[in-house]
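No lab work stands behind these numbers, since they all come straight from the coordinates. Remember, predicted model here, so these are calculated numbers, not experimental data. Virtual Cβ from ideal backbone geometry, glycine too; neighbours counted across all protein chains shown.
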Amino acid sequence: MTITYDPFHPKYLDEIDLRQEMDRVYDLCHGCRLCFKYCSSFPTLFDFIDVHDDQDSSKMTPAQQDQVVDECFQCKLCYINCPYIPGQSEWELDFPRLMMRAEQVLFRTRKTPFKERVTDTVLGKTDLVGRIGSVTAPVANASIKTPSSGLRSLVEKASGISKERVLPPFARQRFSTWFKKAPSSGAISTLRRSTGDAARPGKVVMFPTCLVEYQDTQVGKDLVRVYERNGIECSLPEGQVCCGAPMLHQGNVEGFRQNARKNIAVLAAALRTARGRGEQLAIVVPQPTCGYILKKDYVDYVGGPDAELVAEHTFDACEYLVDIHKADKADGGAGLDTEFTGHVPATTTYHAPCHLRAQNVGLRSRDLIKLTGTKVTVVAECSGIDGTWGLRAENLELSRKAASKMVADMKRADSEIIAGDCSLANGGITLETGSVPVHPLSLLARAYGIEP
């Protein structure tokens, strides 16, 4: 048995070694039970062990071990709640990374049904699907527009994506195309703070993510306008691709690394070029899963100085703005522009996505939208989407069960508007509540009076 979460370790892909490690971890989790309420993996695990009088985890069958793996949707909340994570305990228990190790071993050894392979392809090759969707937007959007419709039933049979899911429509004009054509708002020249401090640069590199590039383009547009409003110049280096999260979570680590290497090369080159000019750039990401991937998984699964450089300079888009605001205020500056002449909702429910909470940066998006004067209620419960896991038809029931606490809290809050950083989680919120959430950057843009 090898306690390792290092994908380059010689025993990492050894299935016998993996199953021995799963037995060790499952036994520890069964004895602790602290995470019984976070996802179905843990109740399933406990039930499989509890049926034995001696509660021996080694009596679980490989199929039972694998079911626990399949039900893990990588919410990353174990890092927030588990007392036995590496660096904090001699047990060095990293449940999410063990599940990813298992996915990668099973990806190599388990015969995957044809329909599941199709679903993996549709959800994993986001750039290909996005390009096709944008080119054929009217037809593609007509086929996915109405959940539970006859067309969506056909889409589910063909792709494995649940017919009940609310999916973001494809944009006819991609975000990168808009960015090349969009004139500056003119706010760049009027800085509200000193840009001489290298720790608080006046320029950022955007990693828009495939969701913003092909579908939720308004988030990217609002990011640019809000940043410009606050004297921050945005750039968009060419050559970026999907962060690779869907492939990584499927177990396709080589496919993930191909995408990762492309992004690392583009982003590291931008950072080093700026450094050569005496500038300090930040990389800003408007989607939580993708930000987590750049900060954490590129270092673990690719590694090297460039991956570490990218991780060190990556920020969630709202995290970056709030840090700028606090640092400038501490230096006696004005901070962000707080002159809001547009619509400010009286009350806002802010949904804190799991993959943003796992970055341990605090509730920066909440802090950002509070600057507008809206009264904010935080809901920090899982949406059950977590990347693309919740989009799969076979996971719908478990996903909606996981989202039930989130839904109850949102109904109790009964706010005028719901805000959330994750576009896919926002689709889950729409399915469960009927409300259409907005990204915090879009809420801020409307508060500034910036029209979509």
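Assorted remarks:
- Take the Cα radius of gyration of the chain and divide it by 2.2 N^0.38 Å, N being the number of residues; the result is 0.98.
- The angle between the Cα long axis of helix 317-330 and the main principal axis of the chain comes to about 50°, on a 0 to 90 degree scale.
- Rel. contact order, % - alpha carbon contacts under 8 angstrom, at least six apart, the chain: 15
- Above-threshold pairs, the threshold being 28 Å between Cα atoms, out of 37/296; 76/370; 221/370; 163/401; 163/370: 163/370
- For segment 347-448, the relative contact order works out to 33 percent when only alpha carbon pairs closer than 8 Å and six or more residues apart are counted.
- Crossing angle, helix 95-109 versus the chain [Cα axis fit, 0-90 degrees, rounded to tens]: 70
- DSSP-assigned coil residues among GluC sites (Glu not before Pro) in segment 303-355, each with at most 12 further Cβ atoms within 10 Å: 339
- Among 123, 324, 227 the positive-end extreme of the charge dipole of the chain (Cβ point charges): 227
- Net charge over other residues, Cβ less than 10 angstrom from the Cβ of residue 403 (K, R count +1; D, E count -1): +1
- For the chain, the 222 nm mean residue ellipticity estimated from helices alone, with every DSSP H stretch of n ≥ 4 adding -39500 (n - 2.57) and the total spread over all residues, rounds to -15000 deg cm²/dmol.
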